[in-house]
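Visitor: Sharing a structure below in structure tokens format, with a few things to ask.
The values are calculated or read from the model by the stated rules, or taken from the named source; none is laboratory data. Bear in mind that the values here come from a model prediction, so they are computed numbers and not experimental data. Positions of Cβ are backbone-derived with ideal geometry, glycine not excepted, and every protein chain shown enters the neighbour counts. Accessible surface areas use protein heavy atoms only, side chains included; no ligands, DNA or RNA. Shrake-Rupley method; radii C 1.70, N 1.55, O 1.52, S 1.80 Å.
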Amino acid sequence: MFRGTSVFILFLSLAAPLQAQNPENARAGELYLLSTDGQRQPALHVHTDVSMEISGMTSRVRLQQRFTNDSTEWQEGVYVFPLPEDSAVNRMRMQLSDRELIGEIHEREAATQIYQQARSEGRKAALVEQQRPNLFTQKVANIAPGETVTVELQYIQAIRYDDGHFSLRLPLTLTPRYIPGEALGAVDVQAGGTGWSRPTIEVPDADKITPPYLPAPAINPLTLTVHLQAGLSLASIKSPSHPVISRPLSTANNEYQVALRDNNTGMDRDFILEWEPQVGTAPQAALFSDQVDDKTYVQLMLLPPRVEMAASTLGRELIIILDTSGSMAGTSMVQAKQGVELALGRLQGDDYFNLIEFNSEYNTLFASSVQATAANVQRAVAFVRQLESRGGTEMYPALEHALTAAPVTLNQQRLIKQVVFITDGSVGNEAAIFALIKQHLGETRLFTVGIGSAPNSYFMRKAAETGRGTFTYISDTNQVVANMDLLLRKLENAVMADVDIQWPAGLDVEYYPARVPDLYLGEPLFVTARLNSTLPANSAIVVDGLVGGQRWERQLKLNNSVTGNDIALNDSALASYWARQKIESLLDGLRNGIDAAEVRSDVLGVALPFQLMSPYTSFVATEKRISRPVQQALQSSAVPNQPPQGQTLAAQMAAQSLQLAYPPTATAATLHFVKGLLAALLALLLIYRQLRKEEVRG
């Protein structure tokens, strides 16, 4: 008896640290059902239907998410999902079997109260909240056993035009975010926390941005169709991320339909669509407008000249920062190392460079930047090839070191300092990184390279914007050469700086971005504006800037054909996108020292009349009749995302049968520790049972 009791006490002592990371403590509320094959399966499944209407330089997207309750319990579904970082979410509705409920925009706290009251009373309800500009939470309450409830969101997304081709990206899953800082306490389930991480000092909403992952081979199925009104003749339509089928609808109007080839596609990577105009038909300038009440909303696209920089006797300083954390394990690391080697191969003898790799700590190859001699470059290549992914994602110290390092000066002239930051951006403390960049950027330019099948595009784009550089996205190993080549040509060639826009005299114009950024090779100028009157006929917008030290100017003539469409505010894609950009500009004020209460008030003054999602506004829909008898219990289930394709860390997390909480270090080593701990506990349990049998026989 004594031996058995000793082993049992040992078992409990070993189980104690496991209990601290038990799902009930770390992301309580998730319900899994045991299937006939013994595998744990989520109680709620999500199927996503996406339809896109692309016209001009904007896309109107309808995202339908169907939640099906496969359990025998009444369910509340909590689904954390991504959207494009610049999306303007302006409509929401909930579809039940025989009725439709239209969502309403409210201040966030009021929307939460409306939802919680309906939830507790047994009425159907849906709530959509913004956690980050590219990360949202959807809650659906009182789904009956066997029932399906559909929630539809509509958003406006801008089309990207770069180096002669158009593109858009739809994020479909999430790379696990690194959560730094000391834990504040347990997950707050009542406040909507369902994540694998507890809140921390640096990321107080960590439990809301760390959703669980779906174990293989289960998938979140996706169907997607695109109606493309190109407005010009196309040479190609393709998707580098998914097999697609495209067919012309009207050759005269350059209309096409695009759909996924596989109707049962899993949501394990971002969807990318690209279309390229025929040679000679690429736009040099475009102007779109909508007339809404007494105001005109305008979107301007202008392509500056392609000016290749002549060979210079003065080189540049290139600092490459490479993320080698655990989240980069898999294809992301392969892509990143290929990208670094390409950049090293393009260095000229007059250039200076350095490499910084970071995970839980950072490590510099050289004490300071060195000349790009053949020997130094070869040493750097060898350094890169031996790197492996491990540890956490401590970006801050590595980036701080690069930005604050003394710049190289030759012949009393400072070299152009460029920092290339290669990462999946999987962090939860984005705001702290942005503040760091703003504080220490100086004359440096920061260029970000997003790696992997589902990077944090909001972080990557905003970091580059704050760093007055560009964002490049590489989704698979086949794109490394082409995309890195484009970035490197931008680094090596003339930039258009001091860009200024002159509007026709007498117009009251509010446009975004309010400060036009520097423009790089192949990049157009995009501006969205609101005018408090119609555009005067036969006038012009003048854009000028400095290219290679020379003044460049372009006039865009206006005429009667650009008076726009007279439509309602909520139906105007341009109005919604303008308001979305204004909200982003207002939120940037938080990093510029503007009082938080003032920012909140200003954002509400835009988000509520334009019916847009924001950090301070949410969509909510409720029905009046009661569905669930209040005496019947309501279970809350976190709806898992699929692990990103090729993402080792997320796949490991999905493989954990208990979906154990993942601590703030975000390292693969912790997962191995958890596996070992579970194995040890199982072995001790078997020993204990064997000892009990011996005691019974004795």
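Visitor: Show the residue pairs that are 6+ apart or on different chains and have beta-carbon atoms under 7 Å apart, the first residue being within the stretch 271-289 and under 23 Å from residue 527 (Cβ atoms) and open to solvent by 50 Å² or more (accessible area, probe 1.4 Å), the second being polar (S, T, N, Q) and in a strand (DSSP E or B).
Guide: As it stands, the answer is 288/299, since those pairs meet every condition given.
Visitor: Additional query: Might you let me know whether the stretch 357-375 holds any residue that is closer than 14 Å to residue 322 by Cβ, within 32 Å of the chain's Cα centre (by Cα) and assigned to a helix (DSSP H, G or I)?
Guide: No, the stretch 357-375 contains no residue that is closer than 14 Å to residue 322 by Cβ, within 32 Å of the chain's Cα centre (by Cα) and assigned to a helix (DSSP H, G or I).
Visitor: Further question: Can you give me the number of residues within the stretch 129-162 that are open to solvent by 10 Å² or more (accessible area, probe 1.4 Å), of a type in the set (Val, Ile, Thr) and within 30 Å of residue 523 (Cα to Cα)?
Guide: Going through the stretch 129-162 one residue at a time, the tally reaches 0.
Visitor: So, in the stretch 585-614, exactly how many residues are under 20 Å from residue 129 (Cβ atoms), in contact (Cβ under 8 Å) with a residue 24 or more places away in the chain and either open to solvent by 30 Å² or more (accessible area, probe 1.4 Å) or hydroxyl-bearing (Ser, Thr, Tyr) (or both)?
Guide: 6
Visitor: Could we say that residue 340 is surrounded by 15 or more Cβ atoms within 10 Å (Cβ to Cβ), in contact with a strand residue (DSSP E or B) (Cβ under 8 Å, 6 or more places away or on another chain), at negative phi and assigned to a strand (DSSP E or B) here? If you could, list the steps in order and put the result at the bottom.
Guide: Values: surrounded by 15 or more Cβ atoms within 10 Å (Cβ to Cβ): yes; in contact with a strand residue (DSSP E or B) (Cβ under 8 Å, 6 or more places away or on another chain): yes; at negative phi: yes; assigned to a strand (DSSP E or B): no.
So residue 340 fails the test.
Visitor: Do the conditions hold for residue 167, that is, is it open to solvent by 10 Å² or more (accessible area, probe 1.4 Å), of a type in the set (Ser, Thr, Tyr) and touching a Phe, Trp or Tyr at 6+ places or on another chain (Cβ under 8 Å)? Walk me through how you get there before you give the answer.
Guide: Working: open to solvent by 10 Å² or more (accessible area, probe 1.4 Å): yes; of a type in the set (Ser, Thr, Tyr): yes; touching a Phe, Trp or Tyr at 6+ places or on another chain (Cβ under 8 Å): yes.
Here the answer is yes, as residue 167 does meet what is asked.
Visitor: Please verify whether the stretch 86-97 includes one or more residues that are touching a helix residue (DSSP H, G or I) at 6+ places or on another chain (Cβ under 9 Å), over 30 Å from residue 298 (Cβ atoms) and surrounded by fewer than 22 Cβ atoms within 10 Å (Cβ to Cβ). Walk me through it before giving the result.
Guide: Just the residues of the stretch 86-97 that are touching a helix residue (DSSP H, G or I) at 6+ places or on another chain (Cβ under 9 Å), to begin with: 86-91.
Now drop any that are not over 30 Å from residue 298 (Cβ atoms), which leaves none.
Among the residues of the stretch 86-97, not one is touching a helix residue (DSSP H, G or I) at 6+ places or on another chain (Cβ under 9 Å), over 30 Å from residue 298 (Cβ atoms) and surrounded by fewer than 22 Cβ atoms within 10 Å (Cβ to Cβ), which makes the answer no.
Visitor: Of all residues in the stretch 441-452, which are touching an Asp or Glu at 6+ places or on another chain (Cβ under 7 Å) and either surrounded by fewer than 24 Cβ atoms within 10 Å (Cβ to Cβ) or hydrophobic (A, V, I, L, M, F, W, C) (or both)?
Guide: Once the filter is applied, which keeps residues that are touching an Asp or Glu at 6+ places or on another chain (Cβ under 7 Å) and either surrounded by fewer than 24 Cβ atoms within 10 Å (Cβ to Cβ) or hydrophobic (A, V, I, L, M, F, W, C) (or both), the stretch 441-452 yields only 451.
Visitor: Output the residue which, of all residues in the stretch 405-440 that are small (Gly, Ala, Ser) and open to solvent by 10 Å² or more (accessible area, probe 1.4 Å), is farthest from residue 590 (Cα to Cα). Lay out the reasoning, then the answer.
Guide: Going residue by residue through the stretch 405-440, those that are small (Gly, Ala, Ser) are 405-406, 425-426, 428, 431-432, 435.
From what is left, the residues that are open to solvent by 10 Å² or more (accessible area, probe 1.4 Å) are 405-406, 431-432, 435.
Working: 405: 27, 406: 29, 431: 9, 432: 11, 435: 10 Å.
Applying the filter and picking the extreme gives 406.
Visitor: Do you know which residues across the stretch 476-510 are closer than 25 Å to residue 556 by Cα, open to solvent by 40 Å² or more (accessible area, probe 1.4 Å) and in contact (Cβ under 8 Å) with a residue 60 or more places away in the chain?
Guide: Selection gives 510 alone.
Visitor: Got at least one residue in the stretch 189-205 being modelled with pLDDT of 90 or more and of a type in the set (Ser, Thr, Tyr)? Write out each step before concluding.
Guide: As a first pass, look at the stretch 189-205 and keep what is modelled with pLDDT of 90 or more: 199-205.
Next, from what is left, pick out any that are of a type in the set (Ser, Thr, Tyr): 200.
Taking every residue of the stretch 189-205 in turn, at least one turns out to be modelled with pLDDT of 90 or more and of a type in the set (Ser, Thr, Tyr).
Visitor: What's the total number of residues in the stretch 197-226 that are assigned to a loop (DSSP other than H, G, I, E, B) and either polar (S, T, N, Q) or open to solvent by 10 Å² or more (accessible area, probe 1.4 Å) (or both)?
Guide: Filtering the stretch 197-226 for residues assigned to a loop (DSSP other than H, G, I, E, B) gives 197-199, 201-205, 209-212, 214-220.
Pick out the ones that are also either polar (S, T, N, Q) or open to solvent by 10 Å² or more (accessible area, probe 1.4 Å) (or both) and you get 197-199, 201-202, 204-205, 210, 215-220.
Of the residues in that region, 14 qualify.
Visitor: Which of the numbered conditions does residue 247 fail, given that it passes all the others? Conditions: (1) surrounded by 12 or more Cβ atoms within 10 Å (Cβ to Cβ); (2) over 25 Å from the mean Cα position of the chain (by Cα); (3) not in a loop (DSSP other than H, G, I, E, B).
Guide: Result: residue 247 fails condition (1) only.
Visitor: Another one. Can you go through 458, 473 and tell me which one is within 16 Å of residue 270 (Cα to Cα), crowded, with 20+ Cβ neighbours inside 10 Å, modelled with pLDDT of 90 or more and touching an Asp or Glu at 6+ places or on another chain (Cβ under 8 Å)?
Guide: Working: 473 fails: touching an Asp or Glu at 6+ places or on another chain (Cβ under 8 Å).
None of the others qualify; the one that does is 458.
Visitor: Out of the stretch 425-442, which residues are within 22 Å of residue 176 (Cβ to Cβ) and among the β-branched types (Val, Ile, Thr)?
Guide: 427, 433
Visitor: Looking at the stretch 619-658, which of its residues are of a type in the set (S, T, N, Q) and over 32 Å from the mean Cα position of the chain (by Cα)? If you could, list the steps in order and put the result at the bottom.
Guide: Our first condition is that a residue be of a type in the set (S, T, N, Q); within the stretch 619-658, this holds for 622, 627, 631-632, 635-637, 641-642, 645, 647-648, 652, 656-657.
The answer is 627, 631, 632.
Visitor: Restricting the search to the stretch 64-81, which residues are more than 15 Å from residue 620 (Cβ to Cβ), in a strand (DSSP E or B) and open to solvent by 10 Å² or more (accessible area, probe 1.4 Å)?
Guide: 64, 66, 68, 74
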